[in-house]
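Asks: Got a structure for you, questions after.
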Amino acid sequence: MPELNLTSAPAHLRHGSNIGQPLTRRDGVLKVRGQATYAADNHPPGMLFAVMAVASIARGRVTSLDVAAARRHPGVVDVMTSDHKPELAIDPEIKTNPFVFRMEVLQSNEVRYANQPIAVVIAETLEAATEGAALLAPRYETLPALVGLDAGESFVPPVVGVGNPTENHRGDVEAGLAAAEKQIDAIYETPPQYHNAMEPHAIVASWNGDSLQIDMPTQGLMLSLARVAELFGIAHDKIHIRSPFLGGGFGSKGLMAGPPVLGIMAAKLVGKPVKLVLRREQMYGPVGHRAPTRQRLRIGADGEGRLTALDHHARTVSSTFDDFYEPAADASHTLYAAPAIRTSHDAVRVNTGTPLFMRAPGEATGSIALESAIDEMAWACGIDPLAFRLKNYAEVEPITGKPFSSKALRACYEQGAARFGWAKRPLQPRQMRDDDGLLVGWGMGTATFPALMFQAEARAVLRRDGSGAMEIGAHDMGQGAWTALAQIAADELGLDIDRVEFKAGSSDLPDAGIAGGSAHTATAGAAIHSAGAAVIAKLADLAANDERSPLFGAGNAGVIARDGRLIRRDDESRGEGYSEILARADVAEVEARGTGAPNPAAMEEYAMHAHGAVFAEVKVDPELGQVRVTRMVGAFAAGRIVNPRMVQSQLFGGMIWGMSFALHEEAITDRRSGRVMNANLGEYHIPVNADVPPLDAIMVEEHDPHVNALGIKGVGEIGITGSAGAVANAVWHATGVRVRRFPIRIEELLTKL
Amino acid sequence: MKQFDYVRPATVAEAVAAAAQPGAAYLAAGTNLLDLMKGGVSRPDRLVDVTHLDGLDQIECLADGGVRIGALVSNADLAHDAHFAKSYPAVAEALLSGASAQLRNAATIGGNLLQRTRCAYFYDAASRCNKREAGSGCDARDGENRTHAVLGWSENCIATHPSDFCVPLVALDAVVEIEGRNGRREIALDELHRLPGNTPERESALEPGDLIVAVRLPAAARGFAAHARYLKVRDRTSYAFAVVSAAAALQIENGKIVEARLALGGVAAKPWRARAAEDVLRNVAPTADAFQETAWRALTDAKPSGDNAFKIELARRIVVRALSLAAAGTPARIAALPASPFASTSGAIHARA
Ligand SMILES: Cc1cc2nc3c(=O)[nH]c(=O)nc-3n(C[C@H](O)[C@H](O)[C@H](O)COP(=O)(O)OP(=O)(O)OC[C@H]3O[C@@H](n4cnc5c(N)ncnc54)[C@H](O)[C@@H]3O)c2cc1C
Ligand code: SF4
């Protein structure tokens, strides 16, 4: 990896500790100068270009490929097909653990979804490889494609999400509904969505004998490495993956997918380094997506507006060959204090690539339905939506009855509502207009996301020159790991951030787990915390056992590390610099390792979630039906905030994605062919600048002693939840028209306005 | 990608000769053509790059009071030409509502006129498309066709022409100057694009080698400057093609409309001039009732081509709104969100942000 010249914010922005300071991105200057090396920027000598040919049918078999024509094309070096490819060490259909998903790496000529790779052309130039792929002119035996939520017999999957039970209940839902004074029963639909990270999936792979060098964006260095090792039958230490920067992942770069494996196979086939980059439209298939859902919510409330029952059922889809089920109904487990709750799922199989984790998988899809339904219920009870939510505030986690490790949601409601001016909201819809006659509506939604922890390791070093190092194979997807984790490292090492060499993004560093589940800062942070404490303890040992040190006899527990010095806790006037301690002991450096991991006892005892409240204002043209969000305020409580600038940008990103969910995003699938018809960023709409109003994200103070040593909850995914529903509810409040199919389109409003 | 020849002629005559060969295509800024080539939709053998031809990048005021816009003038340069925008405000507004700033900076006027439909099946080489491959069928007809045509379509093709620029142009009687193998000729813009009928693959009146060299607006078009608007409803606030759009231009004297111009975008394979509807407005006061009647007249022949009946109702409402906005008078400055229903609020929002 080229040396990273990470910068830090000017010192005057910091006040002693690093955690909590709004440092600017330390990789920011590299990025704006175009010097940050993303995977596809690597060009090892002799590198060839690989281009995938993908299936244009969604189901059937490839019957012929004109390999000869492709080979004849000038510049084409080889064509990898199911008949001509390096053998893998294991069958890619075998699932060796729950985080292994089936992939298409030319193991057969079967086609199971549109855009499935069916061949790879390797050439001296990208242009030659591209044309070679076009010249393959595949022929197919086509079977009718299974498309949509009613494609076939439904079934109840064994689990949803990652090992969640398909059904959950507490109390008697039917009795609760029967006893209710007011009921709603509504069906909401959400479309398939694609991650569409700005950086396409890419790999540069070079074999040197049986060792393998890989440049590839990944959210899970060690998971990817393990999968590559098993697929190619090589030892872990023969593989090196570099992933210093990702241009976004959102879950689509978490687990090894087929295309990068094809890149490695291609490199093996031709015996030269190979680069394979997906085209935008090729990202609509083999690298995961968010499955569509149809969700039915039945809710009952008594005469006072207190919930009596909440029944949430979600239908979703998975592929015909593997299992991932969007756990949409699980969104109803944690937020509202219904005495009876039931959540359930069923699914049908369709011809798509297997759906996967996409930013807030389940939480986002479930949230827009739940928050819409709660809004409908509040209206049915004639109660303000915020008052209704407060009336049904969950003091303990409704589905389990466990206490929360911390929950500052009430403060989120209060601060968000105050900033937004919610108190002035008329209860009735269609009451507000602006000066231009546009309909104005205000809506809200509650945000929630579990506070997860995975496993990670870190290595800390203190050096005689007074500097330190922290090594961890962490991932910066754009969220700011280079900055936030270095801030934690600096504090744990008791050094200024400029004195810490922070290393991340490479598989030869200690395993940082996966950057997913909004758990990366918490998990990697915990490992850094424990490695830092361990190395300080070693240093303290050196000093405390040395009678020449002013710290002699202080004992391990008796020192504080600050500004490159150890200081006696009971007498701050007695201390010594790291350099002096190491110099006297005549060692170049001390090092220690530490781990971060979930605490099963705390998890058993407490429900752990981040929370938030989002308030949105929309304007709707009363005749033309076009909608625009004009204001959004979110207030989020997510434990300790390591870097408020990075966190704000995560929350903004989530809020914008929520708006996108409510109003824009949708993969339009041809119901006959199963092909995505808008597989490009021109027609797959996400919000543009003009769609994004002034945003406000309040970080509500929250201290959580249970989630992890640093009290960190995640902020990556929570912003979508709540926001999507808030926008949808604001559209209703503006118009009086309840749209239950997302995204909300002009035609759904037009004739009902 | 497919290998092709690239030629850069020095003169218009050379360009025409080079492009008259089978398999040749003109390359202007390439914002549409190169996308089509990357997707394998267009596979020309030879690109004739016209961007270096002299004299085609001028905006000239003509002696008769009209204006002549060279084919290589960029969309942005034309829209930001103060004199032009003042004289033909609806045209400038339409230009600025199209694509993105980056695209407008690159895209040429000639390329805008001849940009291809955005029908997804046309772009998807694996689908059947009569426009892409004559006689192969039309997968849009029973497919995802929410944004397709409601006027002038045939069973063979239900695609729309996506240009915003062309909509006020056709309303204002623009003329297209063409250099061809037999020298120069000119046709009304209204005659440039063809309805699909049985030959949707023939999209325009151009013959092989024909080069658009300029677009002209007649002097009379300036007479609408005080009451001319473009309105475009989109699925997002900006950077989206029109679901439906309209250009409305009025001449109002003594409280009565002397002459009216109306055209619709996003509804047909060509920018749709609603002549019969214009007649409704002759010598009447600019009232809501008159505009309603005009809207009904404009859409009399409309019929859904699929899942798009809403576009007919939307088009009616857009016509009424566009005419009302035009009657209210052209604003002194083009709004921060040109042609948007949110034009009036947007400036304030961004000013506060
Ligand atoms: C993402 C995206 C969004 C867009 N949004 C909009 C929108 O909202 N509204 C809108 O109106 N447009 C929109 N456009 C289309 C854009 O306006 C056109 O791509 C552009 O105007 C084409 O101009 P060009 O110079 O790049 O043409 P090119 O791509 O170079 O050429 C287009 C076609 O015209 C032919 N051609 C070019 N010049 C001449 C000439 N002088 N004589 C004869 N033939 C010629 C070419 O052979 C080619 O067939 C969008 C485009 C993109 C990519
Ligand atoms: S509508 Fe026209 S452009 Fe679209 S698929 Fe049919 S023939 Fe082709």
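The values are calculated or read from the model by the stated rules, or taken from the named source; none is laboratory data. These numbers come from a predicted model, not from an experiment. Note that we place each Cβ from the backbone using ideal geometry, even for glycine, and neighbour counts take in every protein chain shown. Only protein heavy atoms, including side chains, enter the accessible area calculation; ligands, DNA and RNA are left aside. Shrake-Rupley method; radii C 1.70, N 1.55, O 1.52, S 1.80 Å.
Asks: Share of chain A's accessible area from carbon and sulfur, percent, 1.4 Å?
Replies: Carbon with sulfur: 50 percent of the solvent-accessible area.
Asks: Counting C-alpha atoms alone, how compact is the range B:210-251: give Rg to one decimal and Dmax as a whole number, in angstrom.
Replies: Computed over the Cα atoms of the range B:210-251, radius of gyration and Dmax are 14.3, 36 Å.
Asks: Which links in A:Lys424/A:Lys752; A:Lys238/A:Lys268; A:Lys31/A:Lys272; A:Lys95/A:Lys253; A:Lys619/B:Lys232 stretch past 20 Å when you go from one Cα to the other?
Replies: Cα-Cα > 20 Å for A:Lys424/A:Lys752; A:Lys31/A:Lys272; rest within.
Asks: Output the peptides B:96-102, A:175-181 sorted from most to least packed, where packing is the average of other Cβ atoms within 10 Å over each peptide's residues. Walk me through the intermediate numbers first.
Replies: On the way: B:96-102: 20.4, A:175-181: 16.7.
Result, highest mean Cβ count within 10 Å first: B:96-102, A:175-181.
Asks: For helix B:310-328, report the angle its Cα long axis makes with the longest principal axis of the Cα atoms of chain B; keep it between 0 and 90° and round to the nearest 10°.
Replies: In chain B, helix B:310-328 runs at an angle near 60 degrees to the longest axis.
Asks: While we're on this one: For the interface of B with A, what's the total buried accessible surface in square angstrom, probe 1.4 angstrom, rounded to the nearest hundred? Spell out each step's value before the answer.
Replies: Values: alone 15730 and 27880 Å², together 39850 Å².
Using a 1.4 Å probe on protein heavy atoms, the buried area is about 3800 Å².
Asks: Another one. Mean Kyte-Doolittle of at least 0.0 and a Cα length of 27 Å or more along the axis: which whole DSSP H helices of chain A meet both?
Replies: Membrane-span-like by this criterion, though nothing is claimed about a membrane: A:520-544, A:644-663.
Asks: Then there is this: What is the sum of charges around A:Tyr113, taking Lys and Arg as +1, Asp and Glu as -1, for the other residues whose C-beta is under 9 Å from the C-beta of A:Tyr113?
Replies: +1
Asks: Now, a different point. Distance from a point 7 Å along Cα→Cβ of A:Asp172 to each backbone N in the range A:290-318: keep the residues under 14 Å and list them by number.
Replies: Counting only backbone N, you get A:309.
Asks: Can you spot the lysines whose alpha carbon is less than 19 Å from B:Lys303's alpha carbon? Ignore those fewer than 8 places along the same chain.
Replies: Hits, sequence-local ones excluded: B:Lys270, B:Lys311.
Asks: Accessible surface of B:Trp153 in the full protein assembly, 1.4 angstrom probe, to the nearest 10 Å²?
Replies: Roll a 1.4 Å probe over it and B:Trp153 shows about 40 Å².
Asks: Once the convex hull of the alpha carbons of the range B:213-299 is built, what does its volume come to per residue, in cubic angstrom?
Replies: Taking the convex hull of the Cα positions in the range B:213-299, it is 131 Å³ per residue.
Asks: Taking N as the number of residues in the range A:535-646, what value does Rg over Cα atoms divided by 2.2 N^0.38 Å take?
Replies: Normalised Cα radius of gyration, the range A:535-646: 1.95.
Asks: Can I ask one more? Quick one: net charge around A:Ala515, please, counting Lys, Arg +1 and Asp, Glu -1 for every other residue with C-beta under 13 Å from its C-beta.
Replies: -1
Asks: Same structure, new question: Measuring from the lowest to the highest alpha carbon on each principal axis, how far does the range B:27-120 reach, largest first, in angstroms?
Replies: Rounded to whole Å, the extents work out to 43, 28, 20 Å.
Asks: Dipole size in debye (nearest 20) for chain B around its Cα centre, Lys and Arg Cβ +1, Asp and Glu Cβ -1?
Replies: Using only the charged Cβ atoms, the result is roughly 780 debye.
Asks: Treating the beta-carbon of each Lys and Arg as +1 and of each Asp and Glu as -1, no other charges, what is the dipole magnitude of the range A:540-644 about its Cα centre, to the nearest 20 debye?
Replies: Taking the Cα centre of the range A:540-644 as origin, the dipole is about 380 debye.
Asks: Let me know the mean shielding of A:689-701 by other chains, meaning the per-residue number of their Cβ atoms within 10 Å of its Cβ.
Replies: Taking all residues of A:689-701 together, the mean is 3.
Asks: Below 12 Å, Cα to Cα, which aspartates and glutamates can A:Lys182 reach? Residues fewer than 8 away in the same chain don't count.
Replies: Straight-line reach from A:Lys182, under 12 Å: A:Asp302, A:Glu304, A:Glu376.
Asks: Work out how much length A:Glu189 to A:Ser82 would gain on full extension: take 0.36 nm times their residue separation and subtract the Cα-Cα distance, in nm to one decimal.
Replies: Stretched out fully, the A:Glu189 to A:Ser82 stretch lengthens by 34.7 nm.
Asks: Which of the GluC sites (Glu not before Pro) across the range A:374-472 are loop residues per DSSP, with 15 or fewer other Cβ within 10 Å?
Replies: Here the sparse-neighbourhood loop sites are A:Glu395.
Asks: Could you pull the accessible area for B:Leu262 with a 1.4 Å probe, rounded to 10 Å²?
Replies: The accessible area comes out at roughly 0 Å².
Asks: By what distance, in whole Å, do the Cα atoms of chain B stretch along each of the three principal axes, largest value first?
Replies: Sorted largest first, the three principal extents are 59, 50, 46 Å.
Asks: Also, I was wondering about something else. What does the accessible area of A:Met603 come to, in Å² to the nearest 10, when a probe of 1.4 Å is used?
Replies: That residue has around 100 Å² of solvent-accessible surface.
Asks: Any chance you could tell me what percent of the C-alpha pair distances in the protein assembly as shown go past 52 Å?
Replies: 27
Asks: Which far-off residues, 5 or more places away or on another chain, put their amide H under 5 Å from the one on A:Ala451, with H placed in the peptide plane?
Replies: The answer is A:Met608, A:His609, A:Ala610.
Asks: Give the whole-number value, in cubic angstrom per residue, of the convex hull volume spanned by the C-alpha atoms of the range B:156-280.
Replies: Expressed per residue, the convex hull around the Cα atoms of the range B:156-280 is 133 Å³.
Asks: Regarding the range A:611-740, what is the average projected area of its C-alpha convex hull, in nm²?
Replies: If I average the Cα hull's projected area over directions, I get 10.2 nm².
Asks: Another question, then. Mean 1/r over all different Cα pairs, inverted: what Kirkwood radius does the range A:221-339 give, in Å? Write out the running numbers ahead of the final one.
Replies: Working: mean 1/r = 0.0545 Å⁻¹.
Hydrodynamic radius (Kirkwood, Cα only) of the range A:221-339 equals 18.4 Å.
Asks: Let me ask you something else. If DNA, RNA and ligands are ignored and the probe is 1.4 Å, what is the ranking of A:Glu326, A:Glu127 by accessible area, most exposed first?
Replies: A:Glu127, A:Glu326
Asks: Same structure again: Comparing the chain by itself with all protein chains present, which residues of the range B:220-254 are at least 20 Å² less accessible (probe 1.4 Å)?
Replies: B:Val233, B:Arg234, B:Asp235, B:Arg236, B:Thr237, B:Ser238, B:Tyr239
Asks: Can you divide the C-alpha Rg of the range A:84-127 by 2.2 N^0.38 Å and report the result to two decimal places?
Replies: Against the empirical 2.2 N^0.38 Å value, I get 1.40 for the range A:84-127.
Asks: Sticking with this structure for a sec: Using a 7 Å offset from Cα along Cα-Cβ at A:Ala423, what residues in the range A:391-414 end up with backbone N under 19 Å from the label point?
Replies: The answer is A:391, A:410-414, whose backbone nitrogens lie closer than 19 Å to the label point.
Asks: Continuing with this model, one more query. What's the average, rounded to a whole number, of partner chain beta-carbon atoms within 10 Å of each residue's beta-carbon in B:2-15?
Replies: 1
Asks: If you don't mind, another one. With a ≥ b ≥ c taken as the square roots of the eigenvalues of the C-alpha gyration tensor of the range A:692-739, please select rounded if a/c is under 1.5 and otherwise prolate if a/b is larger than b/c or oblate if it is not?
Replies: Numbers: a/c = 3.52, a/b = 2.71, b/c = 1.30.
Prolate, because a/c is 1.5 or more and a/b exceeds b/c.
Asks: Express the Stokes-Einstein translational diffusion coefficient of the range A:351-399 in µm² s⁻¹, to the nearest whole number, given a Kirkwood radius over alpha-carbon pairs, 10 °C and a viscosity of 1.306 mPa s.
Replies: 123
Asks: Further question: Can you tell me the equivalent ellipsoid semi-axes for the range A:484-593? Use √(5λ) from the Cα gyration tensor, largest first, whole Å.
Replies: 29, 14, 12
Asks: Take the Cα coordinates of the range B:181-254, assign each an equal point scatterer, and use the Debye formula without solvent to give log10 I(q)/I(0) at q = 0.12, 0.17, 0.25 Å⁻¹.
Replies: -0.60, -1.01, -1.11
Asks: Which distance in Å, rounded to a whole number, links the C-alpha centroids of the range A:135-189 and the range B:40-101?
Replies: 52
Asks: What is the dipole size for the range A:315-423, taken about its Cα centre, with +1 at each Lys and Arg Cβ and -1 at each Asp and Glu Cβ, in debye to the nearest 20?
Replies: 220
Asks: Ignore the peptide's own chain and count Cβ atoms of other chains within 10 Å of each Cβ in A:618-631; give me the average, rounded.
Replies: 5
Asks: Give, as a single signed number, the net charge of other residues whose beta carbon lies under 10 Å from the beta carbon of A:Thr63, with Lys and Arg counted +1 and Asp and Glu -1.
Replies: Every neighbour counted, the sum reads +1.
Asks: Over the protein assembly as shown, give the accessible area per residue in Å² for a 1.4 Å probe, as an integer.
Replies: 36
Asks: Taking the Cα-to-Cβ direction at B:Glu133 and at A:Asp498 and moving 7 Å from each Cα, how far apart do the two end points lie in nm?
Replies: Taking the two extended label points, one gets 6.5 nm.
Asks: For A:Arg25, A:Arg290, give me the order by solvent-accessible area with a 1.4 Å probe, most accessible first, ignoring ligands, DNA and RNA.
Replies: Ranked from most to least accessible, the order is A:Arg25, A:Arg290.
Asks: Can you put B:Arg46, A:Arg464 in order of accessible area, largest first, using a 1.4 Å probe?
Replies: The ranking, largest first, comes out as A:Arg464, B:Arg46.
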